[in-house]
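Quick notes on the structure that follows.
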Amino acid sequence: MTMDSDGTSGVNDWVTGVYGTAFPTEVLIAQTWSKEIAEAVGDAMGAEYADCEIYGWYGPAMNIHRNSFNGRNFEYYSEDGVLSGKIASATINAAGEHGVYAYIKHFVLNDQETNRCTLLLTYATEQSIREIFLKPFEECVKNYDFRSKPLAVMSSFNFIGDVYCGSNPHLLNNVLRGEWGFRGMVLTDWDGSYGYQSTDDCIRNGNDIMLGFNSYESNKITDTDAASCVTALRSASKNIMYTVANSGAYTTEKEKELFTPMTKLFIGIDAAIVLISAAIMAYIIIRQRKKRKLAEEEAAA
């Protein structure tokens, strides 16, 4: 089993209740212009994630400060793609030494919070996309050793033109994997099924896994044609397993706890379900017995 967690400034796992050091925000780290400081932050953060046995890190975020009112500016490095890329690259390489796979995010052009989940169509020229918005991600991927450390990508909510980033083959297959040589898995941003997040489309176009657990209709894959869907699922599974199998979850020697925080959570949920089910059954049985006894008394009278 492996676990992922937010956030960009340190361990922040509200599911298991595991929290860690609150590191300085990315915009502050970028202001130092220091790859050494960025590396120190990545090393410390990676050590903390590994100590918690959480090897998937939803960060760092490296979108661009396109204007001063962007709702996530605190979580992004700067307005400059090169600076963002250099700082982010130093951070994820250091974290990777601890077996932590960073989900570099949000890929790409996720530079606006307003209406971000309501068909946000983003338009830009190919030149500006490559020179500014893709630059941090390109720097991270091209300066990473996939043979020794795992890495992942988180796609974004928005569209480039009229194509959703989470199911954009030009972005995820042609550029990310084809041009840059990325090896690893691609995960969606939160799968709230906002009317356009289709698992079928994502799997077929380079997005390997959906971040969510609800059974929306859009999560269901109905076309199981072997020539396309099964092949896409096999490729997605390979990318996921490649990332996780090369992470600290499988490569780091450690003493195994009998019960991890996630295991304790699931045991607690199971116990609560059993108790509630037992209480409901007891109520139904007692009620039926009372009805039967009342019926017998009325028949005797």
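Key figures for this structure:
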item: Selection within segment 1-22 - under 19 Å from Arg72 (Cβ atoms) and outside any strand (DSSP E or B); result: Asp6, Gly7, Thr8, Ser9, Gly10, Trp14, Ala22
item: Entirely in segment 150-238, the strands (runs of 3 or more DSSP E) that have 3 or more residues that are not aliphatic (A, V, I, L, M); result: 185-190
item: Residue, surrounded by the fewest Cβ atoms within 10 Å (Cβ to Cβ), within segment 17-27, restricted to residues that are out of contact with any Cys (no Cβ under 6 Å at 6 or more places or on another chain) and in contact (Cβ under 8 Å) with a residue 40 or more places away in the chain; result: Gly17
item: Among the candidates Tyr77, Tyr103, residue that is assigned to a loop (DSSP other than H, G, I, E, B), at pLDDT 95 or above and surrounded by 24 or more Cβ atoms within 10 Å (Cβ to Cβ); result: Tyr77
item: Scope segment 47-60; condition in a loop (DSSP other than H, G, I, E, B) and either open to solvent by less than 40 Å² (accessible area, probe 1.4 Å) or among the hydroxyl-bearing types (Ser, Thr, Tyr) (or both); matching residues; result: Cys52, Ile54, Tyr55, Tyr58, Gly59, Pro60
item: Residue match in segment 183-192 (condition: open to solvent by 40 Å² or more (accessible area, probe 1.4 Å), closer than 24 Å to Asn158 by Cβ and hydroxyl-bearing (Ser, Thr, Tyr)); result: no
item: Test set (1) open to solvent by 20 Å² or more (accessible area, probe 1.4 Å); (2) assigned to a helix (DSSP H, G or I) - Ala94 fails condition number; result: (1)
item: Asp6 being among the charged types (D, E, K, R) and more than 23 Å from Phe213 (Cα to Cα); result: no
item: Within segment 126-149, considering residues that are of a type in the set (S, T, N, Q) and part of a helix (DSSP H, G or I), the one most open to solvent (accessible area, probe 1.4 Å); result: Gln127
item: Residue in segment 28-46 that is at pLDDT below 95, surrounded by 15 or more Cβ atoms within 10 Å (Cβ to Cβ), assigned to a helix (DSSP H, G or I) and touching a His at 6+ places or on another chain (Cβ under 7 Å) present; result: no
item: Odd one out for Ser68, checked against (1) open to solvent by 70 Å² or more (accessible area, probe 1.4 Å); (2) touching a Gly at 6+ places or on another chain (Cβ under 8 Å); result: (2)
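The values are calculated or read from the model by the stated rules, or taken from the named source; none is laboratory data. Computed from a predicted model, the values in this text were never measured in an experiment. A quick note on method: Cβ atoms are made from the backbone with ideal geometry, for glycine too, and the neighbour counts reach across all protein chains shown. For the accessible areas, the whole protein counts, side chains as well, though only heavy atoms, and no ligand, DNA or RNA atoms are used. Shrake-Rupley method; radii C 1.70, N 1.55, O 1.52, S 1.80 Å.
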